[in-house]
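**Q** Take a look at the following structure, please.
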Amino acid sequence: MIRLISIFLALGLTLAACAPGPVITDGTDAPQLYRISRGDTGKIQFRMLDSVNALRSASGQAPLELDSKLNAAAATHSRDMSIQNRPWHFGSDGSSPIDRVQRVGYPGVLIGENISETYESELETLGAWMEKPDTRRVILSPDATQMGFSWYQERNGKIWWTLVTGSTIPGAGPV
């Protein structure tokens, strides 16, 4: 039990160190929306990758690599969820996560996909995913070797996040 508490404490401190700067307010107690600019893409993707790998390391799993094809599949699905106005794993054309990774030419197999509709940052979203067994399993899967991560932000500030994990190791499969 003490070891588990120590791991979660270490993870919390690691994630806190990776977090973006303080939330800026407009003088009231209400924080401003988390706005993402085009120039933030690489920073956010690598911040998420570093955070996921810190969690994986604490769980005894190998680190993931960021994959551009999985990023593309994640970006496509994030935008599509916004168009459909619902967070779910199927595209407006009926596509599944497997279909999407195949369409972008990913040479491996899909391990899993996490999605979210929120106004929160990527690290707050990661924290929420880690609280649920099925989304945590996607992040910590021992079969995963690569990750794609992207989002679509609407004008009103709502963010549609998608994280996809995959593997190019023969015999790996979905969680």
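**Q** Residue under question is Ser116, and the condition is that it be within 14 Å of the chain's Cα centre (by Cα) and open to solvent by less than 20 Å² (accessible area, probe 1.4 Å); does it hold?
**A** no
**Q** With respect to Glu120, is the statement that it is touching a His at 6+ places or on another chain (Cβ under 9 Å) and outside any helix (DSSP H, G or I) true?
**A** Here the answer is no, as Glu120 does not meet what is asked.
**Q** Residue pairs, Cβ under 7 Å, 6 or more apart or interchain, first in the range 160-175 and without any contact (Cβ under 8 Å) to a residue 60 or more places away in the chain, second among the aliphatic types (A, V, I, L, M). List them.
**A** Listed pairs, sorted by first residue: Ser167/Val109; Ser167/Ile111; Ser167/Ala144.
**Q** Across the range 119-159, what is the total count of residues that are open to solvent by less than 30 Å² (accessible area, probe 1.4 Å) and under 19 Å from Lys43 (Cβ atoms)?
**A** 12
The values are calculated or read from the model by the stated rules, or taken from the named source; none is laboratory data. As the structure is a prediction and not an experimental result, all values here were calculated from the model. Please note: Cβ atoms are built from the backbone with ideal geometry, for glycine as well, and neighbour counts cover all protein chains shown. For the accessible areas, the whole protein counts, side chains as well, though only heavy atoms, and no ligand, DNA or RNA atoms are used. Shrake-Rupley method; radii C 1.70, N 1.55, O 1.52, S 1.80 Å.
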